[in-house]
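One structure below.
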Amino acid sequence: MAEDTQATNEEVDVEEVSAEMVDESMSNDDVDQAESVTEADSETETVADEIAELRQQLSDAEDKFLRSQAEMQNMQTRLVKEQAQALKYANQKLGLAVLPALDNLERALQVEADDEAAEQLKKGVEMVFTTLKQALVDNGIKEVGVVGETFDPNFAQAIQSVPADEAHPADTIASVMQKGYVLDDRVIRPAMVSVYS
C-alpha cells in the first residue's frame with residue numbers, strides 16, 4: 001500500500017508538474033500574444049499618425065494649388081484690363097505731341113491777311129488746322145473748356161477770375177487762354193481759363 005501511495009504521489013507530482021508547465025506555457029503564450037497585440041497597436045498608431053500627416057500634406061498642397069490658380073486668374077484679369085486700358089489710351093501720346101502744332105496753327109489763323117497771297121496761305125493753314133482737329137476727334141480726343149460753359153475743375157484750370165454780372169453768371173468760363181483736351185474720359189491737357197466769380 002505504501003507503494004501505491006508513493007506511486008500516487010508520483011502521479012500527482014507529475015500531474016502538478018505538467019499543470020505547472022501548461023500554466024507556464026500559457027503564460028508565455030499570453031505574454032507573447034500581449035506583446036504582439038501591443039506591437040500591433042503601436043504599429044496601428046504609427047500608421048494612423050502617418051495617414052494623418054499625409055492627409056495634412058495633401059490638404060496643404062491642395063490649398064497651395066487653389067491659391068496659385070486664383071493668383072493666375074487674377075494676373076490674367078489684370079493683364080486683360082491693362083491691355084484694354086492701353087488700347088483705350090494709346091492715342092494719348094500722339095495727341096500730346098500734336099496739340100502744340102494745333103495751337104500754333106490756331107494762332108496763325110488769328111493773324112489778319114492783308115493781300116491775296118496771305119489770304120491763300122491762311123486758307124491753306126485753315127485746311128491743315130481743320131484736318132488735324134478732325135483727326136484728333138476721330139481718335140477720341142475732344143476739346144474742353146469753351147467760353148460760356150460752366151467751369152469744371154476736373155477739365156480746366158482757373159488762372160484768373162473776372163467779376164460776374166447779369167449777362168455772365170458766376171462759375172462760367174470768361175475766356176480761354178489755352179484749350180484743353182480729353183481722350184475718352186482722361187484729361188490729356190486741362191484748359192487754362194479765366195472764370196467769372
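Note on segment 113-123: residues that are more than 53 Å from the chain's Cα centre (by Cα) and either open to solvent by 90 Å² or more (accessible area, probe 1.4 Å) or at positive phi (or both) amount to 4.
If the condition is being surrounded by 18 or more Cβ atoms within 10 Å (Cβ to Cβ) and β-branched (Val, Ile, Thr), then segment 160-187 contributes ILE173, VAL176, VAL182. The condition (being at pLDDT below 80 and either surrounded by 10 or more Cβ atoms within 10 Å (Cβ to Cβ) or outside any helix (DSSP H, G or I) (or both)) is satisfied by just one residue among GLU11, GLU71: GLU11.
With the structure loaded, tell me whether GLU126 is surrounded by 11 or more Cβ atoms within 10 Å (Cβ to Cβ) and over 41 Å from the mean Cα position of the chain (by Cα) or whether it fails that test. Give the steps one after another, and end with the answer.
Details: surrounded by 11 or more Cβ atoms within 10 Å (Cβ to Cβ): yes; over 41 Å from the mean Cα position of the chain (by Cα): yes.
Yes; evaluated as a whole, the condition is true for this residue.
Of ALA170, ALA174, all but one fail to be under 48 Å from the mean Cα position of the chain (by Cα), aliphatic (A, V, I, L, M) and modelled with pLDDT of 90 or more; the exception is ALA174.
The values are calculated or read from the model by the stated rules, or taken from the named source; none is laboratory data. Note that the structure is a prediction, hence the values are computed from the model and not measured. A quick note on method: Cβ atoms are made from the backbone with ideal geometry, for glycine too, and the neighbour counts reach across all protein chains shown. SASA here: full protein model, heavy atoms, side chains in, ligands and nucleic acids out. Shrake-Rupley method; radii C 1.70, N 1.55, O 1.52, S 1.80 Å.
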